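For reference, the structure is listed below as structure tokens.
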Amino acid sequence: MAFLNLSDICVSYDKKHNVLEGLNLEINEGELVSLLGPSGCGKTTTLRVVAGFIEPVSGKFMLDGEDLTKVPVHKRNFGLVFQSYALFPHLTVFDNVAFGLKVKKMNKAEIEKRVMEIIEVCDLKGLEKRFPANLSGGQRQRVALARALVVEPKLLLLDEPLSNLDAKLRINMRVEIKRLQSKLGITTLFVTHDQEECFSISDKVAVMNGGVIEQYDTPENIYSAPKTEFVARFIGFENFIDLSKKEGSAYSAKDGSIFIVDNGQDKDVCKGTIRPDNITIVPLSDNSENTVSGTVLVRTFLGKTYQYELETALGKIVVNGGNDELFETGQTMRVKLPANKIVLV
Amino acid sequence: MRKNKVLGIYTFIVFAFLMIPLLIIVVTAFGEADIVQFPIKGFTLKWFSKAINSQSFVSSCLFSFKLAIGATLVALLVGVPAAYALARFTVWGKGLIKGFFLSPTIVPGTVLGFALFQVMIVKMHIPTAVGLFCGHFLIVLPYVIRIVGSSLEEFDFSMEEAAWTLGMGKIKTFFTIVLPNITSGISAAFLLAFINSFNNVPVSMFMTGPGVNTMPTTLMGYLESGFDPTVPAFSVLLMIATIGIMFVVEKTLGIAALSQ
């Protein structure tokens, strides 16, 4: 059995419809797992169930072989970092970090030792006597992290901890979190809606939608091989083409054109999807399979490249590229969807 | 610049409008004549000594002080948890409950006083002092709920949750995390509630009786029978006491703490 085990968790706020619909999740010891999804998908609710703020209507939460479903928050010994940091404004950095140890009635010398250790690790040296109001966003974040880690929790929970930081600091902090997490080997559950953040930091990612986990896999697999249309859309796939299986790895689109797909599936009818970056522009005379032509509806300058929205016989197709040759609105373009880049969902 | 000048004059006029009556009272307290007059003839301190030596003034003032402190403290004991519950939980009919708590500030004081008098004194024969205390508690409770409530609305309740996750129980968390962060609201509520009880006339008028008199009703009674400068003299003493309190508050908490 895995270290952390959520089985058939149902949560309902109004007793009529469920926010979580029989959610299952397994996390191995020492892993950092992200819950990724749009707002309202239930990721924060899942975290709050684990933390103990919400008691599920049904289901079981096991940690390290112990059933914690009904154990109250303050007896769970988890570290939690909030989106708003939730530092205690009337206490100094030292007292904020020492809070959990003081609650445990640890002796003074031991508290002093452990707090100074974690302050060192979290790069907060020299700030012990400051109050949270006199800290920068990144420093507050680190204090919140230190406060959660100093009690040596069984589980670290992070609730969108980076969303209040500016872009550069966010990248530094996520590297920092990953470094601390792997150094201390602490099992971590991380909630985010930012896919880049989540991919860069996680061992595994659970993409959530409508109260269930749609796909639970490594970041690489989720990025390159989404299993459902929702996951594909959420991580940046934009073109969805209805396909039906012909023979072998050949599929036909609704206008009869043939698409070869390397990673086929056994379904007869499915959707082929591809990222705008992976589509290549080919000469109009190219008549090989996996190509389609269309007229340019909109051209958008993205900085690195251009994005074209094409009207084709297979529906709208979004393509990135074309720096060598500029296409104008209304012009005809022919594009190729490489067989190894198409994913079937 | 021109605009600033106009604003300056305007501010001065408003300020003068507020200050002149107070100045007149201060000045009349020193007049020698047996009636309050302005400008005064002569200069004396005898009205001050009369005010200080008046048994009814001093005892009613002390009584009002005790009453106001008592009513305010009980209102805090009741009002702070109520405000907390209203801010923390989604209570059914929250708006209605909030409106209900504020109703004593909407109902005219005279009506409230009369109603309390009818129920508590006439029907239930509750002792005057107890009735008076209940009346004052009722007047100040809405201030407490309102002011503490607004400072709780700015409180980030995830702090509370953070303390829970660090192993602290819910009740202890309220005292160690929530209370210290709403002290400015509580002290503002204390001051406003105290002042409202201490100065209250309409409810006290109905609820006082033989041997039980608050400071404002004693002053009213005195003014009805005569009009010598004892009342202005007494008012000057109260003003000095108030300024003293404000000075202490400013030095310890800062006046800004009260307006937060």
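Quick look at the values:
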| read-out | value |
| --- | --- |
| Helices (runs of 4 or more DSSP H) contained entirely in the stretch B:61-178, each with at least 1 residues that are over 30 Å from residue B:221 (Cβ atoms) | B:94-106, B:128-153, B:158-165, B:170-173 |
| Any strands (runs of 3 or more DSSP E) falling wholly within the stretch A:261-317 and containing at least 2 residues that are within 13 Å of residue A:343 (Cα to Cα) | A:269-274 |
| Selection count where residues are assigned to a loop (DSSP other than H, G, I, E, B) and within 14 Å of another protein chain (Cβ to nearest Cβ), scope the stretch A:33-52 | 1 |
| Residue within the stretch A:76-88 that is assigned to a strand (DSSP E or B), surrounded by 21 or more Cβ atoms within 10 Å (Cβ to Cβ) and β-branched (Val, Ile, Thr) present | yes |
| Among residues of the stretch A:53-97, those that are within 27 Å of the chain's Cα centre (by Cα), of a type outside the set (A, V, I, L, M, F, W, C) and either under 24 Å from residue A:180 (Cα atoms) or facing chain B (nearest Cβ under 7 Å) (or both), counted | 7 |
| Elements of type strands (runs of 3 or more DSSP E) in the stretch A:141-215, at least 3 residues being farther than 24 Å from residue A:225 by Cα | A:156-159 |
| Failed condition for residue B:44, given (1) hydroxyl-bearing (Ser, Thr, Tyr); (2) surrounded by 11 or more Cβ atoms within 10 Å (Cβ to Cβ); (3) part of a helix (DSSP H, G or I) | (3) |
| Out of A:318, A:292, sole residue that is among the β-branched types (Val, Ile, Thr) and under 27 Å from the mean Cα position of the chain (by Cα) | A:318 |
| Among (1) more than 18 Å from residue A:206 (Cβ to Cβ); (2) touching a residue at least 60 places away in the same chain (Cβ under 8 Å); (3) surrounded by 16 or more Cβ atoms within 10 Å (Cβ to Cβ), the one test that residue A:64 misses | (3) |
| Single match in B:130, B:140 (criterion: more than 14 Å from chain A (Cβ to nearest Cβ), under 24 Å from residue B:103 (Cα atoms) and free of Cβ contacts under 8 Å to residues at least 40 places away in the same chain) | B:130 |
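Results for (1) more than 26 Å from the chain's Cα centre (by Cα); (2) farther than 17 Å from residue A:76 by Cα, shown as yes or no for each residue.
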residue: B:138; (1), (2): no, yes
residue: B:141; (1), (2): no, yes
residue: B:152; (1), (2): no, yes
residue: B:155; (1), (2): no, yes
residue: B:166; (1), (2): yes, no
residue: B:174; (1), (2): yes, yes
residue: B:178; (1), (2): no, yes
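Readers should treat all values here as calculations from the given coordinates under stated rules, not as data from a laboratory. Please read these numbers as outputs of a predicted model, since none were measured by experiment. Every residue, glycine as well, gets a Cβ built from its backbone with ideal geometry; the counts of neighbours run over all protein chains shown.
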